[in-house]
1. Mind telling me which of the residues 57, 50 ends up being surrounded by fewer than 20 Cβ atoms within 10 Å (Cβ to Cβ) and at pLDDT below 95?
2. Could you check, for region 127-142, whether at least one of its residues is within 16 Å of the ligand (Cβ to nearest atom), buried (at least 21 other Cβ atoms within 10 Å of the Cβ) and hydroxyl-bearing (Ser, Thr, Tyr)?
3. Please go through region 66-88 and pick out each residue that is surrounded by fewer than 20 Cβ atoms within 10 Å (Cβ to Cβ) and within 11 Å of the ligand (Cβ to nearest atom).
4. Take the conditions part of a strand (DSSP E or B), more than 25 Å from residue 150 (Cα to Cα) and in contact with a Phe, Trp or Tyr (Cβ under 9 Å, 6 or more places away or on another chain) and apply them to residue 78. Does it pass?
5. Name the pairs: first residue in region 7-18 and over 13 Å from residue 29 (Cα atoms), second residue in a helix (DSSP H, G or I) and hydroxyl-bearing (Ser, Thr, Tyr), Cβ to Cβ under 6 Å, at least 6 apart or on different chains?
6. Identify the single condition in (1) in contact (Cβ under 8 Å) with a residue 12 or more places away in the chain; (2) surrounded by fewer than 19 Cβ atoms within 10 Å (Cβ to Cβ) that residue 96 does not satisfy, given that it satisfies every other one.
7. Restricting attention to region 3-17, and to residues there that are out of contact with any Ser or Thr (no Cβ under 8 Å at 6 or more places or on another chain) and farther than 17 Å from residue 208 by Cβ, which single residue is farthest from the ligand (Cβ to nearest atom)?
8. Quick check on region 56-74. Is at least one of its residues part of a strand (DSSP E or B), among the acidic types (Asp, Glu) and at negative phi?
Amino acid sequence: MRVLLLGGTSEIGLAVLSALDLAPDAEVILAGRDPQRLEAAGKSLHQSRRGQVTVVRYDAMETGTHQAFAEEVCAGGVPDVVIAATGVLTPQEELERDVRLAAAMIETNFTGHVTVLLAFGAAMRRRGSGTIVVLSSVAAVRPRKFNSVYGATKAALDAFARGYADSLHGTGVRVLLVRPGFVTGKMTAGMKPAPLATTPEGVGAAVARALRSPGKSVVWVPAPLAGLAAVMKLIPRPVWRKLEN
Ligand SMILES: NC(=O)c1ccc[n+]([C@@H]2O[C@H](COP(=O)([O-])OP(=O)(O)OC[C@H]3O[C@@H](n4cnc5c(N)ncnc54)[C@H](OP(=O)(O)O)[C@@H]3O)[C@@H](O)[C@H]2O)c1
């Protein structure tokens, strides 16, 4: 078993890896932009499980390199599971002060996922098996005034993942779309937890459970968030606009 985590230092991604309870002979590949942070993540993972952990350089914004990156990883064996956990949440006021940060967030949260997942998906399709786990968000359901850019990146990623899952249907390749709500951790540090907030471990456990259910294609974390999301879609826009966060 070969598992690739894109965003190799992601708290949620690492919690998913821990929850998967991989066999000692499974190989974990942590892909990311900072070798020191990746090595540290690899060490903490190694303490919680035996087995091989390797780190590779990957930058979500270097989309021109993604085909070659996927080919290089696949040369050692096409991963059985790819977890796409790369993401940034830059405060909207910073994006408005420097619009290049908005472009960087769009590239990291959306474009880079499309390019890298198309490349790994093609390799999995050729082999006839594989699983891609995509970290969307409840923010994809209905963007808020305070996070219109982040929400748009998640809505775009969510739409891509659903369409791509359909195009891979019947090929042996599965896409699991994960929609967490507010997750306490470094990405949300300093923010007030939203209703139904969860933890990286909560997301990890839910993803591991969903992967054991072959028919499952979407997982909300926590599960009751699905109901809240349905209500969120029905709130009239003048009311939605007035909500504080
Ligand atoms: N936290 C939440 O409340 C929440 C809720 C719903 C969905 N999500 C989504 O879940 C995913 C994981 O989030 P998390 O909470 O685990 O956040 P996190 O701990 O901050 O992890 C984000 C990961 O993305 C990586 N990254 C950022 N820019 C990159 C780039 N240009 N190239 C390569 N890697 C890059 C970071 O690497 P570095 O170490 O280099 O920074 C880190 O590994 C994200 O897609 C996020 O949007 C999070």
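The values are calculated or read from the model by the stated rules, or taken from the named source; none is laboratory data. As the structure is a computational prediction, the values presented were derived from the model and not from experiment. Because the Cβ atoms are built from the backbone with ideal geometry, glycine has one as well, and the counts that use them run over all protein chains shown.
1. Numbers: 57 fails: at pLDDT below 95.
Result: 50 is the single residue among 57, 50 that is surrounded by fewer than 20 Cβ atoms within 10 Å (Cβ to Cβ) and at pLDDT below 95.
2. Among the residues of region 127-142, at least one is within 16 Å of the ligand (Cβ to nearest atom), buried (at least 21 other Cβ atoms within 10 Å of the Cβ) and hydroxyl-bearing (Ser, Thr, Tyr), which makes the answer yes.
3. Across region 66-88, the qualifying residue is only 88.
4. Numbers: part of a strand (DSSP E or B): no; more than 25 Å from residue 150 (Cα to Cα): yes; in contact with a Phe, Trp or Tyr (Cβ under 9 Å, 6 or more places away or on another chain): yes.
So residue 78 does not fit the description; no.
5. From residues that are over 13 Å from residue 29 (Cα atoms), the pairs are 18/48.
6. For residue 96, the failing item is (1).
7. Once the filter is applied, the top-ranked residue is 8.
8. Residues of region 56-74 part of a strand (DSSP E or B): 56-57.
Restricting the remaining residues to those that are among the acidic types (Asp, Glu) gives none.
Scanning region 56-74 turns up no residue that is part of a strand (DSSP E or B), among the acidic types (Asp, Glu) and at negative phi.
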